[in-house]
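Rule-based calculations on the coordinates, nothing more; no lab input. Everything numeric in this text was worked out from a predicted model, so none of it was measured. Methodologically, a virtual Cβ is constructed for each residue, glycine included, from the backbone with ideal geometry; neighbour enumeration extends over all protein chains shown.
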Amino acid sequence: MVRFTVLASGSKGNCTVVTGGRTRILVDAGLSCREIFRRMKLADEEPGTLDAIVVTHEHQDHVSGLAVTARKLGIPVYFTEGTHRAWMRWLTPRRQMTCVQWLERCREEAARLAEDDADEVAGEPDEGDGLAETGGAAELQARTVEAEPAGPAKEPTWLPAVEYFQAGQAFQIGDIAVSPFTIPHDAADPVGFVLQAEGVRMGVATDLGYVPPNVKAQLKGLDLLLLESNHDLEMLRDGPYPWSVKQRVLSRVGHLSNDAASEFLKKEYDGQAAYVILAHLSESNNLPELARMAAERALEGRASLLANQLLLAEQHQPLSPVYF
Ligand SMILES: [Zn+2]
Ligand SMILES: [Zn+2]
């Protein structure tokens, strides 16, 4: 059985559970661990059966619960090396650490945990919900100060295991094949994914400023497409964000607008997916009806696409699981 469950999507947190065969992975962990577990149970998913976490990029709305979740479950995290380094810098902003030093530190920590009862890690306080990624430098500063390590036992970057992947090179996690591809976004080394299990292909493409040719090429022959539809252009222009943030969202490394998403659906999308899920909708600069209308308009001129089911991922509650 293949199952795709969006637990949360938007600038306050992104997290999706993908099950294929006997393997279950999280794509991003942008909610607190407690909230991830709570939503998994709501969606009838068992947190204890997760095998790994794969990360698209280091923005807070994709990683805020990453370390705690990986530690509680003792599961590996799959990053690109650039994303892993950026994530470590985010958590330890005042410390310079090479990857070799980091690995050494992890070894020390693993040895220490093996000696102890290991319960103190499981008992660590949970992290709060992520701030909006456009929340501004002041909020980021507040988080990073809070994340300063109190000692080796509280090493914030410690993970049970880390696996590196590269965009363009597919890899396997149990029964799920993962193909990462580069996306244009203002992060260190951001990626989207095509996940394949039991012959079912699922594309994850959020946090991208536009749809470049390599992404268009990846999003073909899918059974499910999770596509960003971040903002309505007029709402963003007239909305509450400062000018600099508006520029960032609108830029080629920002976020995909409703118009850009529907342009892709109209002109490039091959219409093969049974499900199209609009995702990463802005709560300040978009309305679900606007995103839906734009996508429906793009699809309606193409009779062959009427079989596509259009869903909207939500920020505050999980979407009903999609089964194949
Ligand atoms: Zn992002
Ligand atoms: Zn994001």
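Any idea which of L31, L7 is touching a Cys at 6+ places or on another chain (Cβ under 7 Å), of a type in the set (A, V, I, L, M, F, W, C) and under 11 Å from P318 (Cα atoms)? Break it down into steps so the answer makes sense when it comes.
Numbers: L31 fails: under 11 Å from P318 (Cα atoms).
When all the criteria are applied, what remains is L7.
If you go through region 12-45 one residue at a time, how many are touching a strand residue (DSSP E or B) at 6+ places or on another chain (Cβ under 8 Å), assigned to a loop (DSSP other than H, G, I, E, B) and either surrounded by fewer than 24 Cβ atoms within 10 Å (Cβ to Cβ) or not acidic (D, E) (or both)?
Residues meeting the conditions: 7.
Could you say whether any residue in region 78-94 is more than 18 Å from F171 (Cα to Cα), in contact with a Gly (Cβ under 9 Å, 6 or more places away or on another chain), within 16 Å of ligand 1 (Cβ to nearest atom) and not β-branched (V, I, T)? Steps first, answer last, please.
First, the residues of region 78-94 that are more than 18 Å from F171 (Cα to Cα): 85-94.
Imposing the further condition that a residue be in contact with a Gly (Cβ under 9 Å, 6 or more places away or on another chain) reduces the set to none.
No, there is no match, as no residue in region 78-94 is more than 18 Å from F171 (Cα to Cα), in contact with a Gly (Cβ under 9 Å, 6 or more places away or on another chain), within 16 Å of ligand 1 (Cβ to nearest atom) and not β-branched (V, I, T).
Take the residues in region 56-105 that are in contact (Cβ under 8 Å) with a residue 24 or more places away in the chain, among the β-branched types (V, I, T) and part of a helix (DSSP H, G or I), then tell me which one is nearest to Q315 (Cα to Cα).
Here the residue is V63.
Let me confirm something: among R237, R297, R248, R252, which residue is surrounded by 15 or more Cβ atoms within 10 Å (Cβ to Cβ), among the basic types (K, R) and either more than 16 Å from ligand 2 (Cβ to nearest atom) or touching a residue at least 40 places away in the same chain (Cβ under 8 Å) (or both)?
Working: R237 fails: surrounded by 15 or more Cβ atoms within 10 Å (Cβ to Cβ); R297 fails: surrounded by 15 or more Cβ atoms within 10 Å (Cβ to Cβ); R252 fails: surrounded by 15 or more Cβ atoms within 10 Å (Cβ to Cβ).
On inspection, the qualifying residue turns out to be R248.
Do you know which residues across region 258-291 are more than 15 Å from ligand 1 (Cβ to nearest atom), within 22 Å of P190 (Cα to Cα) and polar (S, T, N, Q)?
Answer for region 258-291, where residues must be more than 15 Å from ligand 1 (Cβ to nearest atom), within 22 Å of P190 (Cα to Cα) and polar (S, T, N, Q): just N258.
I'm checking my understanding of the structure. Among residues of region 259-280 that are within 16 Å of ligand 2 (Cβ to nearest atom) and either free of Cβ contacts under 8 Å to residues at least 12 places away in the same chain or in contact with a strand residue (DSSP E or B) (Cβ under 7 Å, 6 or more places away or on another chain) (or both), which one is nearest to K216 (Cα to Cα)?
Taking region 259-280 and keeping what is within 16 Å of ligand 2 (Cβ to nearest atom), we get 260-261, 277-280.
From what's left, either free of Cβ contacts under 8 Å to residues at least 12 places away in the same chain or in contact with a strand residue (DSSP E or B) (Cβ under 7 Å, 6 or more places away or on another chain) (or both): 261, 277-280.
Details: A261: 12, I277: 16, L278: 16, A279: 17, H280: 19 Å.
By that ranking, first place goes to A261.
For region 187-213, how many residues are closer than 18 Å to H280 by Cα and of a type in the set (K, R)? It would help to see each step written out before you state the result.
Going through region 187-213, the residues closer than 18 Å to H280 by Cα turn out to be 187, 190-194, 202-211.
Then keep just the ones that are of a type in the set (K, R); that gives none.
Matching residues across region 187-213 total 0.
Name the one entry in G221, G209 that is touching a Pro at 6+ places or on another chain (Cβ under 6 Å) and among the small types (G, A, S). Break it down stepwise before answering.
On the way: G221 fails: touching a Pro at 6+ places or on another chain (Cβ under 6 Å).
Checking each option against the conditions leaves just G209.
On the basis of being more than 23 Å from M88 (Cα to Cα) and either within 17 Å of the chain's Cα centre (by Cα) or surrounded by 17 or more Cβ atoms within 10 Å (Cβ to Cβ) (or both), does V191 make the cut? Spell out how you get there, then give the answer.
Values: more than 23 Å from M88 (Cα to Cα): no; either within 17 Å of the chain's Cα centre (by Cα) or surrounded by 17 or more Cβ atoms within 10 Å (Cβ to Cβ) (or both): yes.
No; evaluated as a whole, the condition is false for this residue.
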